[in-house]
Amino acid sequence: MRKPTMHDVARHAGVSTGTVSNVLNDPQVVSADKRERVLEAIAQLGYLRNSLAQSLKSQSSRVIGLCVPHAASAYFTSLIDALEDIAFTRGYEMVQILSRHDPDMEYRRVETLLSHRIAGLIIVPSQSPQRTFDLIERSRVPAVMVDRLWPDDRFDYVTMNNSEAMMATVAGLIARGHRHILYTARYPDLVTTQQRIAAFEAAGRAAVEATRTTVLVSGEDEVAFGPRLVAALRGPDAPTAVIASNSIITLWVLRAFREAGIICPDDVSLVAFDEPVWADVMTPPLAIIRHPSIAIAETTWNLLMERLEDSRQPHAPPKPRRHVQLPATLELRSSVGAPRVQTRS
């Protein structure tokens, strides 16, 4: 059987093909009765529009590409959901790809997205995104970078204020009596991680009372990370608080605590740079640094739409690129307590 066409839908619904097109692309201009008839005809016939063909014909697209490293962390999941909701309400489709933190995979998958004539691109860059950045610039597809700031002024960036968030977290732990704090960093080459580490160490130096800060790189192997973390927590002058860099590392830390018999917060306090869905139901409730995911998504979308509008006016002078930083929210819940004065062995 041949695939149903837009003409078939129009005939079945008793409307013109123009009305069908409006229902698909600009539904608010169609009366509720006609819109319902068209949608019912689409469902009954199993009509699927060819978005690529439509883009080629109209030289425009309603598809936005989204590239993130993975969807395992609570923050990325929340960000993806927020962007999907915005795209849907604005009449756009979103196609998501994963880079797996691999610059080569990032390049190949972004190249595939661009070949499908997407209208714009939102990307959380990998650890080494230069080739991908060059590719995007050559394509002339409007793009906004999220979460990770790079010294490349060809694009707009929307990030959380990582330095401010880290400074506030260290200050909160110091106020509760902690004088040796450990931060677990997974990707030390990322600009985001470097910002956090710089703020972490600066906050320790700025403390009125002597405060030691230690950075432990987790790497990719949880099995190897656990014993290294436990060794650090059981050594002389051991840290009394841990700041985990994301929800994945937070799980690794909690598993290491359990296997080593370390009780939180009696032995070690814990704060996560993320808000996993189980944060407030674990015992004790997990202290978090909440990313402003919805605000990041909305700001990113608005910037991308501005760039899309600019691309339709090629003779207008380009607007300056922007870096928007949004504040995080710190909640020091019961996984943070006062340090117990004792030697762990």
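The values are calculated or read from the model by the stated rules, or taken from the named source; none is laboratory data. Being a predicted model, the structure only gives us computed values, none of them experimental. Using ideal geometry, Cβ is built from the backbone for each residue, glycine included, and neighbour counts are taken over all protein chains shown. Protein only, heavy atoms only, side chains kept; ligands, DNA and RNA dropped before computing areas. Shrake-Rupley method; radii C 1.70, N 1.55, O 1.52, S 1.80 Å.
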Sparse-neighbour loop sites [trypsin sites (Lys or Arg not before Pro); segment 282-325; at most 16 other C-beta within 10 Å; DSSP]: R312, R321, R322
Cα principal axis extents for segment 248-333, largest first, Å: 66, 20, 19
Heavy atoms of W278 accessible to a 1.4 Å probe, total area in Å² rounded to 10: 70
Relative contact order %, segment 217-345, counting alpha carbon pairs below 8 Å whose residues are six or more apart: 29
Principal-axis tilt of helix 74-89 within the chain, Cα atoms, nearest 10 degrees: 20
Distance histogram in 10 Å bins (all Cα pairs of segment 82-186, percent per bin): 12, 36, 27, 16, 8, 1
Å² per residue, accessible surface of segment 205-345 at 1.4 Å: 52
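Kindly provide the helix-only [θ] at 222 nm of the chain, computed as the sum of -39,500 (n - 2.57) over DSSP H runs of four or more divided by all residues, to the nearest 500 deg cm²/dmol?
Roughly -14000 deg cm²/dmol at 222 nm, from the helical runs in the chain.
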Rg followed by Dmax, in Å, when the chain is reduced to its Cα trace: 24.6, 81
Whole-number D in µm² s⁻¹ for segment 1-131, Kirkwood Cα-pair radius fed into Stokes-Einstein, 25 °C, 0.890 mPa s: 147
Electrostatic dipole magnitude of the chain [Cβ: Lys, Arg +1; Asp, Glu -1; Cα centre; debye, to 20]: 480
Taking N as its residue count, the alpha carbon Rg of segment 286-332 over 2.2 N^0.38 Å: 1.64
Approximate shape of segment 151-191 as ellipsoid semi-axes (Cα gyration tensor, √5λ), whole Å, largest first: 28, 13, 6
Share of carbon and sulfur in the accessible heavy-atom surface of the chain [1.4 Å probe, %]: 53
Which of E259, E93, E36 is most accessible, then next, and so on - probe 1.4 Å: E259, E36, E93
For segment 201-253 and segment 271-334, distance of Cα centres in Å: 25
Neighbour net charge for I288 - beta-carbon separation under 9 angstrom, K R +1, D E -1: -2
Residue-level accessible surface for R255, protein heavy atoms, 1.4 Å, Å²: 90
Computed over segment 184-279, Cα set: Rg, Dmax in Å: 13.2, 37
Accessible-area order (highest first, 1.4 angstrom probe) of the listed residues S61, S115: S115, S61
